[in-house]
Amino acid sequence: MNITDTYPLLMGTTHPILRERADDIDVFDQSLAALGEDLLKLVVEYDGIWLAWPQVWVQKRIAVVSTLDDNHELLESYIIINPSIIFASDERSIHEEWCLSLPWVYGDVSRPDEITFTYKDVSWRAHKRTLTWFNAKVVQHEIDHLDWILFVDKLVSWL
């Protein structure tokens, strides 16, 4: 059985799982580490660079995000658990966004150019990161998923 059979991708804008705030994770255990590993495999299977658990029917505050360098080359992919944005710059820019759960929709979204956020990793270690550029947009997009917000809710224009 393929991992995408176990965790099929949710599509559309109205499914209740995509429209409810994901549950906080309060306790780290080995099943959480396994979920993180599954999520890293899924993002590759779905040919993406980011994915939140609610997109694959799991209502938990966990996502995988990837950072890119200035040449759009993959630097790293990592799991974020219970992420929270603690700073967002006043400077904003508009960029095209898309989503694995809405593959037929592309549109422009305005987001802060820089964020600082906190999260835990699959070893339950706390982290604080500051990101800019595309990498900041990716994390904001995924945290929105965990907060029941889809990028189409923030569109400034359709493409």
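Applying the selection to the range 79-90, what residues are assigned to a loop (DSSP other than H, G, I, E, B) and surrounded by fewer than 13 Cβ atoms within 10 Å (Cβ to Cβ)?
D90, the sole residue that qualifies.
If you check S157 against the conditions, is it surrounded by fewer than 16 Cβ atoms within 10 Å (Cβ to Cβ), at pLDDT 95 or above and not in a helix (DSSP H, G or I)?
When the stated conditions are applied, S157 does not pass them.
Quick grid of which residues meet (1) surrounded by 14 or more Cβ atoms within 10 Å (Cβ to Cβ); (2) without any contact (Cβ under 8 Å) to a residue 12 or more places away in the chain:
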{"residue": "I3", "(1), (2)": "yes, no"}
{"residue": "M11", "(1), (2)": "yes, no"}
{"residue": "H15", "(1), (2)": "yes, yes"}
{"residue": "D24", "(1), (2)": "no, no"}
{"residue": "S31", "(1), (2)": "no, yes"}
{"residue": "E76", "(1), (2)": "no, yes"}
{"residue": "R92", "(1), (2)": "no, no"}
{"residue": "W104", "(1), (2)": "no, yes"}
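Residues are listed down the side, and each one gets a yes or a no for (1) in contact (Cβ under 8 Å) with a residue 12 or more places away in the chain; (2) at negative phi:
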{"site": "D38", "(1), (2)": "yes, yes"}
{"site": "L42", "(1), (2)": "yes, yes"}
{"site": "D47", "(1), (2)": "no, no"}
{"site": "N71", "(1), (2)": "no, yes"}
{"site": "S84", "(1), (2)": "yes, yes"}
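Check the range 12-20 and report whether any residue there is polar (S, T, N, Q) and within 17 Å of S84 (Cα to Cα).
no
Out of all the residues in the range 120-149, which are exposed (fewer than 15 other Cβ atoms within 10 Å of the Cβ) and among the aliphatic types (A, V, I, L, M)?
Answer for the range 120-149, where residues must be exposed (fewer than 15 other Cβ atoms within 10 Å of the Cβ) and among the aliphatic types (A, V, I, L, M): just A126.
Can you pull out the residues in the range 45-74 that are buried (at least 22 other Cβ atoms within 10 Å of the Cβ) and either touching a Lys or Arg at 6+ places or on another chain (Cβ under 6 Å) or among the charged types (D, E, K, R) (or both)?
W53, R61
Got a number for residues in the range 1-50 being outside any loop (DSSP other than H, G, I, E, B) and of a type in the set (A, V, I, L, M)?
12
Of all residues in the range 121-136 being assigned to a strand (DSSP E or B) and of a type in the set (A, V, I, L, M, F, W, C), which is nearest to the chain's Cα centre (by Cα)?
Once the filter is applied, the top-ranked residue is L131.
Could you check the range 57-77 and list, in sequence order, the residues that are within 12 Å of the chain's Cα centre (by Cα) and of a type in the set (A, V, I, L, M, F, W, C)?
I62, A63, V64, V65
Quick check on the range 91-120: of everything there that is touching a helix residue (DSSP H, G or I) at 6+ places or on another chain (Cβ under 8 Å) and outside any strand (DSSP E or B), which residue is farthest from L18 (Cα to Cα)?
Out of the qualifying residues, it is D113.
For the list (1) in contact with a strand residue (DSSP E or B) (Cβ under 6 Å, 6 or more places away or on another chain); (2) modelled with pLDDT under 95, I need the number of the one condition that L150 fails.
Checking L150 against (1) in contact with a strand residue (DSSP E or B) (Cβ under 6 Å, 6 or more places away or on another chain); (2) modelled with pLDDT under 95, the one that fails is (1).
The values are calculated or read from the model by the stated rules, or taken from the named source; none is laboratory data. This one's a predicted model, so the numbers in the text were calculated from it and none came from an experiment. Backbone-built Cβ (ideal geometry, glycine too); neighbour counts: all protein chains shown.
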